[in-house]
Amino acid sequence: MFDLDQFIADLRATLAERSRQAMKEVVARAVSDPASLLRRIGEPDAAAVQVLHQAADLTVLNVIWAPKHVTLPHDHRVPAVIGMYGGREDNIFWRRIPNPEKFQIEAAGGKALGTGDVTVLGRDVIHSVVNPLAKISGAIHVYDGDFFATQRSMWDSETLTEQPYDVSVVVKGMPLQGAR
């Protein structure tokens, strides 16, 4: 049975190890049994970003993607671990174009995550996310820091020009629930 308090304690223990691999293993255990996880955090019925834990050194979110949802390219500036417990999340990775006047990006690859998949994103990764399915998708996102206090960037979807991050724009249509 998934225990949220134990999950947070296990994640906090990985912070002392400074190991993203250890954090990935904790998240992998959690999403390996979606039914147990959902009994504790609730069956998703609408798009939302639910704060499960927030502290200066660790943020845990339950990200529930609406069908066909697409985010702007954005960075986190802290390492992250993403574990899918239902549906799919397609990540498009971006790299900065070496032009100090425009601060633009270009596509540089991608990775599709399905139920049970877990991936690690480095602190400098820029990505956008697509839920390509006609149903809700759900993922646990773990950030090695305070997701809401960290200054970061997002890029305009048309011009691919960098601008200050605004969580309400990046997760448009997804209510933010829980502590902040």
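Tabulated values for the structure
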read-out: Charge dipole magnitude, Cβ of K and R +1, D and E -1 - segment 25-180, Cα centre, debye nearest 20; value: 220
read-out: Segments 78-90, 27-39 sorted - mean Cβ within 10 Å per residue, highest first; value: 78-90, 27-39
read-out: Using distinct alpha-carbon pairs, which all enter the 1/r mean, Kirkwood radius of segment 4-177 in Å; value: 16.3
read-out: Which of Leu121, Leu15 has the fewest Cβ neighbours within 10 Å, and the rest in rising order; value: Leu15, Leu121
read-out: Listed residues Thr161, Thr59, Thr119, most fluctuating in the chain (Gaussian network, C-alpha, under 10 Å); value: Thr161
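None of the figures in this text is laboratory data; all of them are computed from the coordinates on show. If you're wondering where the values come from, they're calculated on a predicted model, not measured in any experiment. Note that we place each Cβ from the backbone using ideal geometry, even for glycine, and neighbour counts take in every protein chain shown.
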